[in-house]
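The values are calculated or read from the model by the stated rules, or taken from the named source; none is laboratory data. These figures come from a predicted structure and were not determined experimentally. Note: ideal-geometry Cβ built from the backbone for every residue, glycine included; neighbour counts use all protein chains shown.
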Amino acid sequence: MIENGYYKVSDSYFSFFSNEFGCTFKFNKDGNRPIFCCFEDRTVKGLYWAVPTGNAANKDLTRINAYINLPKDKIGRSFYHLGITNKAAIFYISSSYPITDKYIGGEHISNGVHLVTRNEQQNKEVRSKLRNIIAYENIHPNHFEQRITDVKNFLVIELNA
């Protein structure tokens, strides 16, 4: 995987972690929703942080904007980001999860090429929000329904095997 690239997650990821740890993945869409490979983990080589994305066009964004406009000291401010992929997009940052190459089903292709976000300001903002989510998760393990801590611990063991 490359940072800022978009990928499809294999169905085995969602089924395994749902069955093994009781994880809930709202935005998997049967493996067809692209994820944004935000960055490689700072301490674990080969562990990446995936952010599910969705189409923001023609959606009522009132609820999402309410979160985005929360005061800076509120964790909910980091739950979403509105931006651009190859179209208007929602980044579901609070639904993010760790992942490794093993669970990637392929590159997300747009107009015949691997989609990669080149907007550095947007990438910086999404990374910052994701770091807030990860920091919150480190203080409150398995706070989010995708059980980030359990999944990360399993993937670290798997990478070191």
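When the residues of region 34-52 are filtered to those that are touching a Ser or Thr at 6+ places or on another chain (Cβ under 7 Å) and in a loop (DSSP other than H, G, I, E, B), the one that is nearest to residue 154 (Cα to Cα) is 47.
Listed conditions (1) more than 16 Å from residue 148 (Cα to Cα); (2) at pLDDT 95 or above; (3) buried (at least 16 other Cβ atoms within 10 Å of the Cβ) are all met by residue 97, apart from (1).
Selection within region 53-77: residues that are modelled with pLDDT under 95 and either in a strand (DSSP E or B) or among the β-branched types (Val, Ile, Thr) (or both). The member of this set that is surrounded by the fewest Cβ atoms within 10 Å (Cβ to Cβ) is 55. Of all residues in region 90-115, exactly one satisfies the criterion of being of a type in the set (Val, Ile, Thr), over 30 Å from residue 161 (Cβ atoms) and touching a strand residue (DSSP E or B) at 6+ places or on another chain (Cβ under 7 Å), namely 90. Among the residues here, residue 89 does not qualify as free of Cβ contacts under 8 Å to residues at least 40 places away in the same chain, part of a helix (DSSP H, G or I), more than 20 Å from residue 18 (Cβ to Cβ) and among the hydrophobic types (A, V, I, L, M, F, W, C). Considering region 112-145, and only residues there that are aliphatic (A, V, I, L, M) and in contact (Cβ under 8 Å) with a residue 60 or more places away in the chain, the residue that is surrounded by the most Cβ atoms within 10 Å (Cβ to Cβ) turns out to be 126.
Inspect region 50-71 for any residue being small (Gly, Ala, Ser), touching a residue at least 60 places away in the same chain (Cβ under 8 Å) and within 18 Å of residue 16 (Cα to Cα) and give the result as yes or no. So far as region 50-71 goes, no, none of its residues is small (Gly, Ala, Ser), touching a residue at least 60 places away in the same chain (Cβ under 8 Å) and within 18 Å of residue 16 (Cα to Cα).
Taken over region 2-20, residues that are surrounded by fewer than 16 Cβ atoms within 10 Å (Cβ to Cβ) and either more than 17 Å from residue 142 (Cα to Cα) or of a type in the set (Phe, Trp, Tyr) (or both) amount to 6. Among the residues of region 92-101, which ones are over 15 Å from residue 127 (Cα atoms) and either assigned to a strand (DSSP E or B) or hydroxyl-bearing (Ser, Thr, Tyr) (or both)? Listed by number, the residues that qualify are 99, 100.
Please work out if residue 109 is among the β-branched types (Val, Ile, Thr), surrounded by fewer than 13 Cβ atoms within 10 Å (Cβ to Cβ), modelled with pLDDT under 95 and out of contact with any helix residue (DSSP H, G or I) (no Cβ under 8 Å at 6 or more places or on another chain). The answer is yes for residue 109.
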